[in-house]
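Here is the structure we will look at.
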Amino acid sequence: MPQADCLKTDCSQCAALCCLALAFDKGKDFAFSKNPCEPCRNLSGHLCAIHERLSDAGMAGCVAYDCLGAGNRTVQEVFAGQSWQDDPRLMRVMMEAFAAMREVHKRIDLLRAAEMFALAPQADQDRRAFLNRLEHHRWSGTELNEFEAELALEIDMFLYSIKDHFPVDIFSSLKMG
Ligand code: SF4
């Protein structure tokens with residue numbers, strides 16, 4: 001059976017990590033403000049109680065958001081399907097792991113996009129090697145904690161070396177670099 005694409009978001013396999021972890025401010029995209037690590041008032045279990053009418057409810061920002069599969073991968077791969085809702089002690093570590101996994105998945109997205117560029121053979125080999133490490137590794141919470149201080153820096157240096165191929169400033173979307 002083919003393996004699911006790791007960048008595919010599957011909310012049914014997540015624990016509403018974005019609706020817990022992310023902060024937003026009241027404005028044109030959100031009808032109210034929410035702090036990080038504050039479960040959204042519209043959560044019903046792991047689902048959004050207003051999912052079918054998010055835009056009408058003034059929550060277009062939720063419609064536009066895509067974790068690129070980081071939420072479902074974090075819950076299933078790192079926490080074996082556990083949820084902060086069943087064990088509130090997991091809230092902080094799940095949030096931290098989710099934040100780091102988002103950084104992993106942003107870089108997978110960029111490394112995949114670079115496949116379309118006419119990279120030098122060595123650069124394309126490096127691109128594939130980084131991609132392979134990010135896509136196929138089974139991450140632990142500890143490894144995710146270390147990601148941004150270690151492997152992410154190596155990848156960002158590589159991305160910097162090929163940045164002129166990208167039509168936009170890719171570093172504005174990355175926390176590092
Ligand atoms: S409104 Fe729904 S999708 Fe948006 S953060 Fe709250 S629960 Fe999540």
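Rounded to the nearest 20 Debye, what is the dipole magnitude of the stretch 102-177 about its Cα centre when Lys and Arg each give +1 and Asp and Glu each give -1 at the C-beta?
Numbers: 10 positive and 14 negative charges, 41 e Å.
Dipole size: approximately 200 debye.
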With the charge dipole of the chain built from beta-carbon charges (+1 for Lys and Arg, -1 for Asp and Glu) about the Cα centre, the Cα from 60, 42, 19 projecting farthest to the positive end belongs to 42
Taking Cα atoms, how many degrees apart are the long axis of helix 151-161 and the longest axis of the chain, rounded to 10 and kept between 0 and 90? 60 degrees
Evaluate the distance, in nm, between pseudo-label points positioned 7 Å from the Cα of residue 122 and of residue 146 along their respective Cα→Cβ axes. 2.7 nm
Between residue 113 and residue 38, how high is the FRET efficiency from 1/(1 + (r/R0)^6) when r is the Cβ-Cβ distance and R₀ = 25 Å? Nearest 0.05. 0.15
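Over the chain, what is the relative contact order in percent, taking alpha-carbon pairs closer than 8 angstrom and at least six residues apart?
Worked out over the chain, it gives 21 percent.
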Go ahead and collect, in residue order, the members of the stretch 74-114 whose backbone nitrogen is under 18 Å from a label point 7 Å along the Cα-Cβ direction of residue 4. 74-84, 98, 101-102, 105-106, 109
Cross-link reach from residue 8 to lysines, straight Cα distance under 24 Å and at least 8 residues apart if same chain, gives 106, 175
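Rounded to two decimals, what ratio of Rg to Rh does the stretch 38-85 give with C-alpha atoms and a Kirkwood Rh?
Numbers: Rg = 12.4 Å, Rh = 12.2 Å.
When Rh is taken as the Kirkwood radius, the ratio is 1.02.
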If pairing requires two Cys Cβ atoms under 4.7 Å apart, which cysteines of the chain are left without a partner? 6, 11, 14, 18, 37, 48, 62, 67
If one puts a single equal scatterer on every Cα of the stretch 12-144 and applies the Debye formula without solvent, what log₁₀ I(q)/I(0) results at q = 0.16, 0.18, 0.19 Å⁻¹? -0.85, -0.99, -1.06
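Read-outs throughout are calculated quantities, based only on the coordinates presented, and are distinct from any laboratory measurement. Note that this is a predicted model, so its numbers are computed, not measured. All Cβ positions, even for glycine, are placed from backbone atoms using ideal geometry, and neighbour counts span all protein chains on display.
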